[in-house]
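One structure is given here, and the rest of the page talks about it.
The values are calculated or read from the model by the stated rules, or taken from the named source; none is laboratory data. This structure is a prediction, so every number in the text was calculated from the model and none was measured. So basically every Cβ, Gly included, is an ideal-geometry build from the backbone, and we count neighbours across all protein chains shown.
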Amino acid sequence: MLRRSILKAGAAAAFALSIGTAAQAELNGPVNYIIPFGPGGESDISARLQQPFFKDKFGQDMVVTYQPGGGGAVGWASLNGLSGDGQTIMGVNLPHIIIKPAQKDVGFTTDGLNSFYMFHFTPDAIVVPADSPYQTLADLVEDAKANPGQVTMSGSGKASANHLAQIKFDKMTGALTTYVPFKGTGASTTALLGKQVKAQWGYTTVGAKQGEAVRMLAVAMEDRHPLFPDVPTFKELGYDMVGGAYRGIALPASASAETTKMWSDMIGEINSDPGFRQQMLDGGFALLDISVDEMGDFMAARTEEYLNDAREAGLIK
Amino acid sequence: MELGHFLSAMTPVNLGLALFGVIAGTIVGSIPGLTATMALAILVPITFSMEPASALILLGAIYTGAIYGGAYAAILLNTPGTPSAIATTFDGYPMAKRGDGDLAVALACFASVVGGMVGAIALLFLAPPLSKVALAFGPIEYFWLSIFGLSLIASLSEGNLAKGLAGGAFGMILSTVGVAEISADIRLTFGSQVLIGGFGVVGALIGLYCIPVLIDLVAVPDRHLKVEEDVKTLRIGEAYRIAARSKFNLIRSSVIGTIVGILPGAGGSVAGLVAYSEAKRTAKPHQTFGAGEPDGIMATESANNATVGGGFIPTLVLGIPGTPPDAIVLGALLIQGVRTGPAMFTQSGSIVYTFIYGLIIATILMLPAGLLIGRYAYKSIVTIPKAVLVPTVGFMTIIGTFSIRNSVSDVIIMICLGVFGWVVARFGFKASPIVLGLILGPIAEQGFVQGWTIGAATNNLFGMFFGRPISQAILAFTLITLILPLVLARKQRKAALEGK
């Protein structure tokens, strides 16, 4: 009896296995890639860079649409209600999807999102106008210490990557700067170029876009960004800061494991294309390859760090 | 060299793209809910395989067409097709009501072409110096600009200031609902997920303007719009004469539109409102703004189309999008491998100048194309039986609202706002102050918070709010706009008394 049931189970397992390999997930027609923000930001631009490579490699159109609202919450709250057939994907952003649900009920949870790949991040950077008196990071820190609160720094939003970086940096240096939140990196860069603030908590992408008009004092990477060989990392200058805003992609939770795996492989393939890598680097992005198998560990580590930072800063309880 | 760029803009492909773009843009813009931003976002992938200049011409033509197309629904249905056309409803719909809808559509077309040309010419000759305007505007300037915009409530609600102000305040409160744009606080949602995205401007426009019109259409037996005689053609000759008489208004409004377009924090809706406000402030005694005054339509329509060229100035020179559709254009350029920024006019000169000439050609093409489509739009709205018109428009409002961000919540909010708007209109509260509050509230809030933060940090709050020259100038205009009508009214009363 026991033997028979073992045999049965074995047969069932073999059958399931054969289905598993046979039931190859595949795309049926154009894919809808929802960006839960408005157009023109880093999330949009990196999606737009993926678009032609996707079409080239997998033969299907990738249609980028926008679902802005609630700092991304409107889109993420709606994601799991969409069909999990693999024809719809949505951009996800860190720290947003970790901080927002920790603040209040925003209609989604970090773990509830089926985030399957993190494909790049925009490293934090301190940016000043080209004619700023701050030549080095030390100049800025010195001024901020001598004149507490007088050094104003623009950034995108509150409880955001920029804001968390500012709080962390102030704590590390013992300096006191004033953070001025703006609606997105574009607006915060405009404020910097217009000298409304003395410096900006931005990203390496700002340096890539603005070129000669700005100077980056330091970037939050392990090694220097290939596009900016002359800009030191915070680490080199003695501040242990590596990070920024991370961007990835999620499927609705109802998507099968096969569909999720297929998508993770496809995004990984685009990410490994030399042409794509070059375009991303030229745009100031830093590539990242966290595939579906590594997502769990990655998210756990990031969640712990962000929540600690936010808690210490009093942004969440 | 300049001639060479002009000729490369005149290739059959580029001419075809310009014409196609203007037509497609006009049609998309005429449908409430479908905005220029959306049209561009969908079409961007098509441009990947094009030459950068051709791609830009197509995108620019769609953009400029969409801004003009927004006028149709504003004039014929009292519903701005795009937010830029809000102030077009003020005089456009009254004109259509009294049977001058054909004239209004033709006027809007002339004004849009003039505005588009002024904006494009500014882009051609003055882009690098004008881009500095974008940087001169800091948080405080945006704060005062939005207060100036709000001062329009006073002149919009003559005789009923209290109700106008109440509407404006209500609109500002609505604008705070949801996740706050910069502070990330979640406000006034009462724990509901429906409200987390807040009250979107486009959805609110459709609800507050279109739904009351639909309810009224069903409630009264009259025809939708008065028709004088048989509809054959737009009154182009008459429109041309009126436009030629108002050339000063057209130029002033176009300049306002260009400058507001350069400001990254404003956009077509603010440009139209500011130009309307100025036209009204300098009105001659016989003009009746708000009751079908042709100059009102021309002010708005020239200003909002001027923002197209104006908005491209910071986009191309600084890499900062002047308006939301410019953000899409910027992304498209990035994928094309074209670097925007101060060096673009010298390094990628051939792309930039070919594009600018293409934009000018598209704007000129808008004249015949716009008049033709306008005639068709007018004819179909006027002649279609009510029993078909109401369900069609009702259906469009729902589709349009849903398509903004595929959200059913937005549709529910839109319908609720619409019914609310119809009810309060019975008590003399108009939709426009509410919409002004909704649009300008966030600009005012952000400017105030940022200005206050910077001012407090540098121990210079007073100087921050009142010490900056541009702020002072905007403040002065605001005071003039608010006080002048009071002074004039007093003078008139005095004169009337002495006359007795």
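Name the single residue that is farthest from the other protein chains (Cβ to nearest Cβ) among those in segment A:196-224 being polar (S, T, N, Q) and in contact with a Leu (Cβ under 9 Å, 6 or more places away or on another chain). Checking each candidate, the answer is A:THR204. In segment B:293-395, counting only helices (runs of 4 or more DSSP H) that sit wholly within it, the ones holding 1 or more residues that are at pLDDT 95 or above and hydrophobic (A, V, I, L, M, F, W, C) span B:294-318, B:349-383. Among the residues of segment A:291-308, which ones are under 23 Å from A:VAL219 (Cβ atoms) and crowded, with 21+ Cβ neighbours inside 10 Å? Residue satisfying the conditions is A:TYR306 alone. A single entry from B:ALA134, B:ALA55 fulfils the requirement of being more than 21 Å from B:ILE439 (Cβ to Cβ) and surrounded by 24 or more Cβ atoms within 10 Å (Cβ to Cβ): B:ALA55. Of the candidates B:GLY65, B:GLY29, the single residue that is crowded, with 24+ Cβ neighbours inside 10 Å, free of Cβ contacts under 8 Å to residues at least 60 places away in the same chain and under 23 Å from B:ILE404 (Cβ atoms) is B:GLY29.
If only residues of segment B:400-416 that are within 11 Å of chain A (Cβ to nearest Cβ) and β-branched (Val, Ile, Thr) are counted, the one that is farthest from B:LEU205 (Cα to Cα) is B:VAL408. All of (1) without any contact (Cβ under 8 Å) to a residue 12 or more places away in the chain; (2) touching a strand residue (DSSP E or B) at 6+ places or on another chain (Cβ under 8 Å) hold for B:SER49 with one exception: (2). Quick check on segment A:87-113: of everything there that is among the small types (Gly, Ala, Ser) and in contact with a Pro (Cβ under 9 Å, 6 or more places away or on another chain), which residue is surrounded by the most Cβ atoms within 10 Å (Cβ to Cβ)? In this case the residue turns out to be A:GLY91. Among residues of segment B:105-131 that are modelled with pLDDT of 95 or more, those with a beta-carbon under 6 Å from a residue that is in a helix (DSSP H, G or I) and among the acidic types (Asp, Glu) at least six positions away or on a different chain give the pairs B:ALA108/B:GLU301; B:ALA111/B:GLU301; B:SER112/B:GLU301. For segment A:239-252, a residue qualifies if it is touching a helix residue (DSSP H, G or I) at 6+ places or on another chain (Cβ under 8 Å) and assigned to a loop (DSSP other than H, G, I, E, B), and the qualifying residues are A:TYR239, A:ASP240, A:MET241, A:GLY243, A:PRO252.
One residue stands out in segment B:289-337 among those that are touching a Phe, Trp or Tyr at 6+ places or on another chain (Cβ under 8 Å) and acidic (Asp, Glu): the one that is nearest to B:LEU367 (Cα to Cα), namely B:GLU301.
Looking at segment B:1-56, the helices (runs of 4 or more DSSP H) lying wholly inside it that each contain 1 or more residues that are over 20 Å from A:GLY40 (Cβ atoms) sit at B:2-9, B:12-30. Pairs meeting the criteria (first residue in segment A:261-280 and within 19 Å of B:ALA332 (Cα to Cα) and within 14 Å of chain B (Cβ to nearest Cβ), second residue in a helix (DSSP H, G or I) and of a type in the set (Val, Ile, Thr), beta carbons under 9 Å, at least 6 apart or on different chains) are A:PHE276/A:ILE270; A:GLN279/B:ILE335. B:THR47 fulfils the conditions (1) within 14 Å of chain A (Cβ to nearest Cβ); (2) touching a helix residue (DSSP H, G or I) at 6+ places or on another chain (Cβ under 6 Å); (3) crowded, with 24+ Cβ neighbours inside 10 Å except for a single criterion, (3). Within segment B:366-390, the set of residues being more than 28 Å from B:LEU58 (Cβ to Cβ) and of a type in the set (D, E, K, R) comprises B:LYS379, B:LYS386. Of all the listed residues (A:LEU193, A:LEU227), the sole one being within 7 Å of another protein chain (Cβ to nearest Cβ), in contact (Cβ under 8 Å) with a residue 24 or more places away in the chain, farther than 16 Å from A:GLY244 by Cα and not acidic (Asp, Glu) is A:LEU193.
Table: residues versus (1) touching a residue at least 24 places away in the same chain (Cβ under 8 Å); (2) more than 10 Å from chain B (Cβ to nearest Cβ); (3) farther than 23 Å from A:SER254 by Cβ; (4) under 21 Å from the mean Cα position of the chain (by Cα).
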{"site": "A:LEU49", "(1), (2), (3), (4)": "yes, no, yes, yes"}
{"site": "A:ASP56", "(1), (2), (3), (4)": "no, yes, yes, no"}
{"site": "A:GLY70", "(1), (2), (3), (4)": "yes, no, no, yes"}
{"site": "A:VAL74", "(1), (2), (3), (4)": "yes, no, no, yes"}
{"site": "A:GLY84", "(1), (2), (3), (4)": "yes, yes, no, no"}
{"site": "A:GLN87", "(1), (2), (3), (4)": "yes, yes, no, no"}
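Screening the candidates B:GLY341, B:GLY337, B:GLY358 for the property of being farther than 17 Å from B:GLY119 by Cβ and either buried (at least 21 other Cβ atoms within 10 Å of the Cβ) or in contact with a Gly (Cβ under 8 Å, 6 or more places away or on another chain) (or both) yields one hit, B:GLY341. Does A:PHE285 qualify as being buried (at least 21 other Cβ atoms within 10 Å of the Cβ), within 14 Å of chain B (Cβ to nearest Cβ) and under 30 Å from A:LYS168 (Cα atoms)? Answer is yes for this residue. With respect to B:LEU58, determine if the residue is away from every other protein chain (no Cβ under 14 Å) and touching a residue at least 40 places away in the same chain (Cβ under 8 Å). Judged against the criteria, B:LEU58 is a match. Checking each residue of segment B:110-128 against the condition of being in a helix (DSSP H, G or I), within 14 Å of chain A (Cβ to nearest Cβ) and surrounded by fewer than 24 Cβ atoms within 10 Å (Cβ to Cβ) gives at least one match.
Would you confirm whether any residue within segment B:475-489 is within 14 Å of chain A (Cβ to nearest Cβ) and either under 29 Å from the mean Cα position of the chain (by Cα) or hydrophobic (A, V, I, L, M, F, W, C) (or both)? Within segment B:475-489, none of the residues are within 14 Å of chain A (Cβ to nearest Cβ) and either under 29 Å from the mean Cα position of the chain (by Cα) or hydrophobic (A, V, I, L, M, F, W, C) (or both).
For segment B:97-115, a residue qualifies if it is touching a Lys or Arg at 6+ places or on another chain (Cβ under 7 Å) and of a type in the set (D, E, K, R), and the qualifying residues are B:LYS97, B:ARG98, B:ASP102. Considering B:ALA162, B:ALA154, B:ALA166, the condition of being closer than 30 Å to B:GLU293 by Cβ, over 25 Å from the mean Cα position of the chain (by Cα) and outside any loop (DSSP other than H, G, I, E, B) is satisfied by B:ALA162 alone. Return yes or no: is B:GLU141 of a type in the set (Asp, Glu) and assigned to a loop (DSSP other than H, G, I, E, B)? So B:GLU141 fails the test. Counting only helices (runs of 4 or more DSSP H) that sit completely within segment B:192-276, those holding 1 or more residues that are closer than 24 Å to B:PHE125 by Cα correspond to B:247-262. Scanning segment A:208-244 for residues that are surrounded by fewer than 14 Cβ atoms within 10 Å (Cβ to Cβ) and under 22 Å from the mean Cα position of the chain (by Cα) yields A:GLU222, A:ASP223, A:PRO226, A:ASP240.
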